[in-house]
1. Would you mind telling me which numbered condition in (1) loosely packed, with under 15 Cβ neighbours inside 10 Å; (2) of a type in the set (Lys, Arg); (3) over 34 Å from the mean Cα position of the chain (by Cα); (4) under 26 Å from Arg118 (Cα atoms) Lys65 fails?
2. Working carefully through the options Gln177, Gln135, Gln188, find the one that is assigned to a helix (DSSP H, G or I), over 33 Å from the mean Cα position of the chain (by Cα) and modelled with pLDDT under 85.
3. If you check Lys166 against the conditions, is it surrounded by 10 or more Cβ atoms within 10 Å (Cβ to Cβ), farther than 30 Å from Ser37 by Cβ and modelled with pLDDT of 85 or more?
4. Quick one: is Ala42 of a type in the set (Gly, Ala, Ser) and closer than 22 Å to Arg118 by Cα?
5. Name the pairs whose Cβ atoms lie under 6 Å apart, with the first residue in region 52-73 and at positive phi, the second open to solvent by 40 Å² or more (accessible area, probe 1.4 Å), and 6 or more positions between them or separate chains?
6. Every residue in region 43-62 that is more than 22 Å from His98 (Cβ to Cβ) and either open to solvent by less than 30 Å² (accessible area, probe 1.4 Å) or part of a loop (DSSP other than H, G, I, E, B) (or both), please.
7. If you scan region 1-23, which residues turn out to be open to solvent by 60 Å² or more (accessible area, probe 1.4 Å), of a type in the set (S, T, N, Q) and touching a residue at least 60 places away in the same chain (Cβ under 8 Å)?
8. Which members of region 98-118 meet the condition of being outside any helix (DSSP H, G or I), open to solvent by 80 Å² or more (accessible area, probe 1.4 Å) and at pLDDT below 80?
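The values are calculated or read from the model by the stated rules, or taken from the named source; none is laboratory data. All values derive from a computational prediction rather than experimental measurement. Don't worry about glycine lacking a Cβ; one is built from the backbone with ideal geometry, like all the others, and counts go over all protein chains shown. We work out accessible area using only protein heavy atoms, side chains counted, and drop any ligands, DNA or RNA first. Shrake-Rupley method; radii C 1.70, N 1.55, O 1.52, S 1.80 Å.
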Amino acid sequence: MSSKIEQILFIEPPHELKFKGPFTEPVQTIMSLKNPSDRKVAFKIKTTAPKRYCVRPNCGELAPKEKAEISVILQPFDYDANERNKHKFLVQTVVIDHVADYGEDGKTFQWRDIDEGRIMDSKLKCSFEMPTVEQLLESKNIHDDNTAVLETNTDTELQKATTEVKELREEETILRQENMKLKEELLQLQYEIKNQQSQKRSVGGSQHLDMQNRNANIALMVGMAIVVALLGIIAGKYIF
């Protein structure tokens, strides 16, 4: 049986993933993978307790000199000192040398078709660290202090927000009043413009009527003059 190939990636931490309690909430730690080579490397991460951990991403590819950070989240559980070193992780890697390593789409790396002799393995154990009583008390005091500060800040922000809302409402009332005043002035202006237009139409109509009367009088006078002239001509004929 051939010996395993030495791991090509730099893994940090190299041997142990540490999770610090209390474990009443999810606890996260980070695993770093770095590809120092000039070749593309595929990786996948396994664990002996898949229901207890959330690993993102749990597989992928690293280009030459590329680095990836893997989030490993331990789910909440009742701490048992006897199982603190039972869980383990396995990081498997392989150098991508062939186009045939990908599926039919040419994009998805096919682990199932890889010869085991090409796969590099690195094992990491998990350790759970419970805080001491002093650390718990200190954490609780810090939490209480932060809560008090948060409550104080919240009250201050609430008072500030209330004042701002009150000022905004007052400004809104003033703007509404100014808006009503502007509407009244606009209506008054429209009314005055209509009156001026009506007066102009009245004056224009009167002037037009006077002009018509004058033209009629002139026409009448001209007509009378013509009649008188004709009568004079006819009378002159009979007299002479």
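1. So the condition that Lys65 fails would be (3).
2. Checking each option against the conditions leaves just Gln135.
3. Here the answer is yes, as Lys166 does meet what is asked.
4. yes
5. Nothing qualifies.
6. Ile45, Thr48, Ala49, Pro50, Lys51, Arg52, Tyr53, Val55, Pro57, Asn58
7. Listed by number, the list holds a single entry, Ser2.
8. Those that are outside any helix (DSSP H, G or I), open to solvent by 80 Å² or more (accessible area, probe 1.4 Å) and at pLDDT below 80: His98, Glu104, Asp105, Lys107.
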